[in-house]
Amino acid sequence: MSNRKLLSASSAILEKAGELGASLAGFAGVEDLRSAPGFTLAPQLPGVDEGVGTRDNTTGMGPGRVQWPENARSVLVIGLEHPKEKPEMDWWFGRISPPGNKLLMGIIRELCRWTLETLEINVFHFPYHIEKGGIYLKDAAVLAGLGCIGRNNLLITPRYGPRVRLRAMALDVPMPSTGPMGFDPCRICDDLCRRACPRKAYEETLYTPEAYGQSILPGRDGTYARPVCGRQMQKNIDSAKEEKADGFDAPVKIIRYCRNCELACPVGRT
Ligand code: B12
């Protein structure tokens, strides 16, 4: 495909993503992602495939390793705003995926169908979990220009702050990257996110350049303790109560995962 055709396909896909309801969208290159910090660190992390939210590995890859679809050249990442005023977008209803994630899945499903039919570009809908064939979505979003990684270890976007959820698809053509962007709101903030953590997950520098051979680390400087955060999420599961909910005949356990580090972030608050 010529560069001109790629550029016009790229604009058409980004526009379609917006029409379908994505709050943000952008492209990143697969080669850049292969060497991005999350992709290189995860396989080195002890217990990366255990704990809250992990699934059985069906890729046959080692823990934390990504199984790239054959021929994937670029990735489209989309973000959907999860505002504080709509907390239910983020809730798990028993084992049923949160409403916000269902919306994201629907958008990518439709984008995949449309891209293949209209532009004749082969696509692949990434699942959420790495161990099921997914990718590290925050790194992909940064390289696609959606925002930066903040000191809370989340993607911070200029418009919505960290209050977005992500999903992605692969394309077998090299769409030009739409990022990264020069944006760093944490420089002028007093660590409101880190101070809001109920578990003090940002007090210990668990990951260092010496131990992991890279300087870009969780929470930027390695000061985000993933196992500690995971314990808070397990507590959220254990304390979930059965409640009546719209669309369910019988009461269902509603899991509300902690969001303190994202809700405390002032970026994008109107
Ligand atoms: C496993 C997982 C968890 C685990 C472990 C979290 C972790 N970050 O390690 C647990 C269960 C604890 C968890 C908790 C949460 N999660 Co979670 N989680 C995931 C999952 C499935 C993979 C994340 C992962 O393992 N990354 C690999 C590790 C090694 O890297 P990392 O911790 O992200 O650190 C890297 C980056 O910071 C990067 N980095 C740092 N600076 C820079 C700079 C540049 C330029 C670049 C390119 C990269 C970069 O380098 C680090 C590696 O060295 C993703 C979905 C997905 N498929 O990506 C969601 C995801 C990251 N989680 C998400 C959310 C919202 C949460 C929670 C707020 C809980 C909630 N209410 O849903 C907390 C917040 C935790 C936090 N502050 O990071 C969202 C984040 C959205 C956003 N705005 O960023 C995601 C993307 C899912 C989604 N629905 O969209 N999560």
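The values are calculated or read from the model by the stated rules, or taken from the named source; none is laboratory data. All figures in this text were calculated on a predicted structure; none of them were measured in a lab. Here Cβ is always computed from backbone atoms with ideal geometry, including for glycine, and neighbour counts include all displayed protein chains.
Considering only the stretch 29-44, how many residues are without any contact (Cβ under 8 Å) to a residue 24 or more places away in the chain and either under 16 Å from the mean Cα position of the chain (by Cα) or part of a loop (DSSP other than H, G, I, E, B) (or both)?
Here is the first cut: in the stretch 29-44, the residues without any contact (Cβ under 8 Å) to a residue 24 or more places away in the chain are 31, 35, 43.
Narrowing further to those that are either under 16 Å from the mean Cα position of the chain (by Cα) or part of a loop (DSSP other than H, G, I, E, B) (or both): 35.
Residues that pass the stated criteria total 1.
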- Message: I'd like to check something: does the stretch 45-54 contain any residue that is part of a helix (DSSP H, G or I) and either in contact with a Leu (Cβ under 6 Å, 6 or more places away or on another chain) or modelled with pLDDT of 95 or more (or both)?
- Response: no
- Query: In this structure, is Arg165 touching a His at 6+ places or on another chain (Cβ under 6 Å) and either basic (Lys, Arg) or more than 29 Å from Ser10 (Cβ to Cβ) (or both)?
  - Reply: yes
- With respect to the numbered conditions (1) closer than 23 Å to Leu41 by Cβ; (2) of a type in the set (Gly, Ala, Ser); (3) touching a helix residue (DSSP H, G or I) at 6+ places or on another chain (Cβ under 6 Å); (4) surrounded by 16 or more Cβ atoms within 10 Å (Cβ to Cβ), which one is the sole condition not fulfilled by Gly222? (3)
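What is the residue count in the stretch 131-165 for residues that are more than 6 Å from the ligand (Cβ to nearest atom) and of a type outside the set (Gly, Ala, Ser)?
The total comes to 12.
Residues in the stretch 59-88 that are over 17 Å from Pro127 (Cβ atoms) and in contact (Cβ under 8 Å) with a residue 60 or more places away in the chain: how many?
Of all residues in the stretch 59-88, those over 17 Å from Pro127 (Cβ atoms) come to 62, 71, 73-74, 79, 81-88.
With the extra rule that they be in contact (Cβ under 8 Å) with a residue 60 or more places away in the chain, the set shrinks to 71, 73-74, 79, 81-84, 87.
Going through the stretch 59-88 one residue at a time, the tally reaches 9.
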- Query: Based on what the data block shows, is Tyr257 in contact with a helix residue (DSSP H, G or I) (Cβ under 7 Å, 6 or more places away or on another chain), within 9 Å of the ligand (Cβ to nearest atom) and farther than 21 Å from Val52 by Cα?
  - Reply: no
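Let's see how each residue does on (1) within 20 Å of the chain's Cα centre (by Cα); (2) assigned to a helix (DSSP H, G or I); (3) more than 9 Å from the ligand (Cβ to nearest atom):
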{"position": "Ala170", "(1), (2), (3)": "yes, no, yes"}
{"position": "Gly182", "(1), (2), (3)": "yes, no, yes"}
{"position": "Cys186", "(1), (2), (3)": "yes, yes, yes"}
{"position": "Leu206", "(1), (2), (3)": "no, no, yes"}
{"position": "Ala211", "(1), (2), (3)": "no, yes, yes"}
{"position": "Ile237", "(1), (2), (3)": "no, yes, yes"}
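Yes/no per residue for (1) free of Cβ contacts under 8 Å to residues at least 24 places away in the same chain; (2) assigned to a helix (DSSP H, G or I); (3) within 8 Å of the ligand (Cβ to nearest atom); (4) polar (S, T, N, Q):
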| residue | (1), (2), (3), (4) |
| --- | --- |
| Arg167 | no, no, yes, no |
| Thr178 | no, no, no, yes |
| Arg194 | no, yes, no, no |
| Gly230 | no, yes, yes, no |
| Met233 | no, yes, yes, no |
| Cys265 | no, no, no, no |
